[in-house]
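In what follows, a single structure is set out as structure tokens and then discussed.
The values are calculated or read from the model by the stated rules, or taken from the named source; none is laboratory data. All values derive from a computational prediction rather than experimental measurement. All Cβ positions, glycine included, derive from the backbone under ideal geometry; neighbour counts span all protein chains shown. In case anyone asks, the SASA skips ligands and DNA or RNA and just uses the protein heavy atoms, side chains included. Shrake-Rupley method; radii C 1.70, N 1.55, O 1.52, S 1.80 Å.
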Amino acid sequence: MKKAFLLIPCFLFSVLGAQEIHNSAAEKMNIIKTNGTAYAFRNINLSYERAINQWFSVNIGFGTMTEGKVPFINAFLKDKDEERFQNLRVKVTNFTIEPRFYIGKGYGKGFYFAPYYRYSSVTSNTFNFYYDYNGPDGNTYPIPLRGQGDTKGNSGGLMVGVQFFLTRSQNLVLDFWIAGAHYGSGKGDFTMTSDYVLTPDMQAELKKEIENLDIPFVKYTVETNANGARIKVDGPWAGFRSGLSIGYRF
């Protein structure tokens, strides 16, 4: 009798396991998607999601923002400071690994929460920057410089979203990223060079001008020399995610 009671749970687990394998075999486990809202910001992107079982999947995404004007630059630079960065353009690349935990129907359908890791890279073109030097003679002289550099960040975060199957065949997919945020650290190096030989007084004023830009969410240090300046980025790296993706399930 005891053996019979011991065999019953084993039998039930076997039946449930076989049922899950059967359900998995009947499901389409792959989804290719692109975030349509990101194209408004020149972000070309593609992601691939693979369902592991009913409640768990892994989503891998890649995106690149083609070289262009910094999005929302007015949000973190004053108008007079923005004017100092003439013809500044940036290119952004990111790579994201995102495990997803589904609540409800599963196999890629329903609400989910997703902890994720993101690698980001920001590269600038060769841009022009100038600052006004107040000379000892009482006159103000615009000093032009050429800048270039890049920065890279590693961060982790959490996103909450919901994914729908739009057709009876369940091939067409809509993925709504309700909200996601990530935080980590970034490091970068930017150089600014001038055709003028900068005196110690010019260097001190240039250092002060760059430090007074006070760019939010970014910590940086400024070193100056006779040829220009070097800006080292080393500090927090934060971001926010939201969007609407359309995809194909197979």
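Overview of results
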item	result
Subset of segment 105-129 (residues that are modelled with pLDDT under 90 and open to solvent by 60 Å² or more (accessible area, probe 1.4 Å))	Lys105
Filter result for Phe56 (surrounded by 13 or more Cβ atoms within 10 Å (Cβ to Cβ), of a type in the set (A, V, I, L, M, F, W, C) and more than 30 Å from Leu145 (Cα to Cα))	yes
Residue in segment 61-72 that is at pLDDT 95 or above, in contact with an Asp or Glu (Cβ under 9 Å, 6 or more places away or on another chain) and open to solvent by less than 60 Å² (accessible area, probe 1.4 Å) present	yes
Complete set of residues in segment 54-70 that are without any contact (Cβ under 8 Å) to a residue 40 or more places away in the chain and either touching a helix residue (DSSP H, G or I) at 6+ places or on another chain (Cβ under 7 Å) or outside any strand (DSSP E or B) (or both)	Gly63, Met65, Lys69, Val70
Residue in segment 233-247 that is among the hydrophobic types (A, V, I, L, M, F, W, C) and either open to solvent by less than 20 Å² (accessible area, probe 1.4 Å) or part of a helix (DSSP H, G or I) (or both) present	no
Pair list, Cβ under 6 Å, 6 or more apart: segment 213-229 residue more than 14 Å from Phe85 (Cβ to Cβ) and open to solvent by less than 80 Å² (accessible area, probe 1.4 Å), other residue polar (S, T, N, Q) and part of a loop (DSSP other than H, G, I, E, B)	Gly228/Ser194
Residues of segment 38-53 satisfying the condition of being in contact with a strand residue (DSSP E or B) (Cβ under 6 Å, 6 or more places away or on another chain) and open to solvent by less than 60 Å² (accessible area, probe 1.4 Å)	Ala38, Asn43, Asn45, Ser47, Glu49, Ala51
When residues of segment 199-212 are limited to those that are of a type in the set (S, T, N, Q) and surrounded by 13 or more Cβ atoms within 10 Å (Cβ to Cβ), the one farthest from Arg118 (Cα to Cα)	Thr199
Pair list, Cβ under 9 Å, 6 or more apart: segment 27-46 residue touching a residue at least 12 places away in the same chain (Cβ under 8 Å) and closer than 18 Å to Asn59 by Cα, other residue open to solvent by 70 Å² or more (accessible area, probe 1.4 Å) and among the β-branched types (Val, Ile, Thr)	Met29/Ile52; Lys33/Ile246; Thr34/Ile44; Thr34/Ile246; Asn35/Ile246; Gly36/Ile246; Ala38/Ile44; Leu46/Ile32
Residues within segment 139-179 that are more than 30 Å from Glu205 (Cβ to Cβ), buried (at least 18 other Cβ atoms within 10 Å of the Cβ) and of a type outside the set (Gly, Ala, Ser), tallied	6
Residue satisfying condition, being closer than 30 Å to Leu206 by Cβ and not in a loop (DSSP other than H, G, I, E, B), within set Tyr183, Tyr112, Tyr119, Tyr133	Tyr133
Residue count, segment 180-198 (criterion: farther than 25 Å from Thr151 by Cβ and open to solvent by less than 60 Å² (accessible area, probe 1.4 Å))	0
